Amino acid sequence: MDISLLQPNWKIEKIEFASLPGERLRSAGCNARKGVHGKSVPTPLAQVTINGLTGFGWSRITREQAGALVGAPLSLVFTEEGQIRPEFWGIEFPLYDWIGKLVQKPVYQLIARQALDPENRFTVTCYDTSLYIDDLHLEKDPEAVELIQSEAVDGWSRGHRHFKIKVGRGARFMPLPAGMKRDIDIILGVREAVGADANIMIDANNGYNLNLTKEVLTATKSANLYWIEEPFHEDVEFYTDLKEWMLKENFKTLISDGEGLASPMLVDWAKQGIIDVIQYDTRDYGFSRWQELGKTLDAAGIRSAPHNYGSSFGNYATCHLAAAIDGFQFAEWDEIAVPGLDASAYIIQEGRLQVPLLPGFGLNLDQQYFARKVKEDGWIIHS
Ligand SMILES: [Mg+2]
């Protein structure tokens, strides 16, 4: 990143923190492992002030950690190549937003691998990640299929064209045979509802085993799934068998994994061709680390699909990350409205995110509201 406009003696003057409440459009049900995810999703935000200018972004930094960063000069924050040093990754999103605002450029332009035409709108393919296991209250499979179909149609009406379905009902919340049957009926039903051109992914949250994975893939072959995510716990024996079987059976479906433990083994397995898509988390693995990882994955021809669930800010940040990674697949989109955080410049159209041509992350924070939240149950540290 070009940091030539930054003065090395400028200091982090202030860090403010508050968590803003937010809500999904509808309550999210279970996945294969966990119970109802619900509607309420807080957005923890830190705002930094440097040279009188502010930048904000998702952060889990504690007051104590922030105390050690306030007062630091930018010569300590950045490497000479313009990377944020690991000690400051806890505020990496606010720092990227700040630089973007300083140089009046969107973050995606700052981190892009190739120069982007500033006249062209930057767009990123995305998928609706909201098709959870929302049907457990329904006795009959056709009703369950209709419900998840209606959720996909609802996503379609909001501009989505690609969808991920939670599966693994038989792992915990339904008897195994009944859960398997319902998973299969729902996958086929969603394909019917969204048509042949939509990409459909399924995510078992480790709720299958090898044989169940093969069973689902066989029964839904006509649905032409784009990827199967976390079918079971990372296991090289199982994944090797699955991949060999899929090649033999002529499946084009990809295998994706990585959100849970960000296991470093997965990159090696992807290099060996055993899995296809790496899904470390945008926030927890991190924005700076993902840019480095993206280079490694691109060089090896491995696909990247940073995980993002449960974060409005993660929706937006993941879109910017796409500019830094050639093999970027999709932004995972979990629609969450956060009062005080204006994201209206992000527009979903025909399955693609139009990323705003605005400084930083292109979001607007209601400063009066944020200040009130900081006062109520956040904190502020001055140098
Ligand atoms: Mg997942």
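Couple of notes before you dig in:
- The set of residues in the range 20-71 being under 22 Å from Gly362 (Cβ atoms) and over 20 Å from the mean Cα position of the chain (by Cα) consists of Gln47, Val48, Thr49, Ile50, Asn51, Gly52, Leu53, Thr54, Gly55.
- Any strands (runs of 3 or more DSSP E) falling wholly within the range 267-383 and containing at least 1 residues that are surrounded by fewer than 19 Cβ atoms within 10 Å (Cβ to Cβ) and out of contact with any Leu (no Cβ under 6 Å at 6 or more places or on another chain): 347-349, 352-355, 379-382
- Of all residues in the range 356-383, those being at positive phi and either at pLDDT below 95 or touching a His at 6+ places or on another chain (Cβ under 8 Å) (or both) number 0.
- Test: Thr129 is within 24 Å of Phe232 (Cα to Cα) and out of contact with any helix residue (DSSP H, G or I) (no Cβ under 7 Å at 6 or more places or on another chain): yes
- Pairs where the first residue, in the range 71-97, is part of a helix (DSSP H, G or I) and the second is at pLDDT below 95 and surrounded by 14 or more Cβ atoms within 10 Å (Cβ to Cβ), C-beta under 6 Å, 6+ apart: Leu74/Leu6
- Of everything listed in (1) surrounded by 14 or more Cβ atoms within 10 Å (Cβ to Cβ); (2) more than 16 Å from the ligand (Cβ to nearest atom); (3) under 30 Å from Leu131 (Cα atoms), the single unmet condition for Ser40 is (1).
- One residue from Gln367, Gln354 being polar (S, T, N, Q), touching a Lys or Arg at 6+ places or on another chain (Cβ under 6 Å) and more than 25 Å from Ile84 (Cα to Cα): Gln354
- Residue, farthest from Gly340 (Cα to Cα), within the range 25-37, restricted to residues that are surrounded by fewer than 19 Cβ atoms within 10 Å (Cβ to Cβ) and touching a strand residue (DSSP E or B) at 6+ places or on another chain (Cβ under 9 Å): Val36
Rundown of residues vs (1) among the charged types (D, E, K, R); (2) within 16 Å of the ligand (Cβ to nearest atom); (3) free of Cβ contacts under 8 Å to residues at least 40 places away in the same chain; (4) out of contact with any Asp or Glu (no Cβ under 6 Å at 6 or more places or on another chain), yes/no style:
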position: His137; (1), (2), (3), (4): no, no, yes, yes
position: Glu143; (1), (2), (3), (4): yes, no, yes, yes
position: Ile165; (1), (2), (3), (4): no, yes, yes, yes
position: Met180; (1), (2), (3), (4): no, no, yes, yes
position: Asp185; (1), (2), (3), (4): yes, no, no, no
position: Gly189; (1), (2), (3), (4): no, no, no, yes
position: Val194; (1), (2), (3), (4): no, no, no, yes
position: Asn199; (1), (2), (3), (4): no, yes, no, yes
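- Across the range 226-261, the qualifying residues are those that are away from the ligand (no atom under 14 Å from the Cβ) and among the acidic types (Asp, Glu), and the one among them that is nearest to Tyr208 (Cα to Cα) is Asp235.
- Residues within the range 322-359 that are of a type in the set (A, V, I, L, M) and more than 21 Å from Ser130 (Cβ to Cβ), tallied: 6
- Matching option when the condition is more than 16 Å from the chain's Cα centre (by Cα) and either aliphatic (A, V, I, L, M) or within 18 Å of Gln104 (Cα to Cα) (or both), among Leu321, Leu365, Leu353: Leu365
The values are calculated or read from the model by the stated rules, or taken from the named source; none is laboratory data. Keep in mind that what you see is a predicted model, and the values were worked out from it rather than measured. A quick note on method: Cβ atoms are made from the backbone with ideal geometry, for glycine too, and the neighbour counts reach across all protein chains shown.
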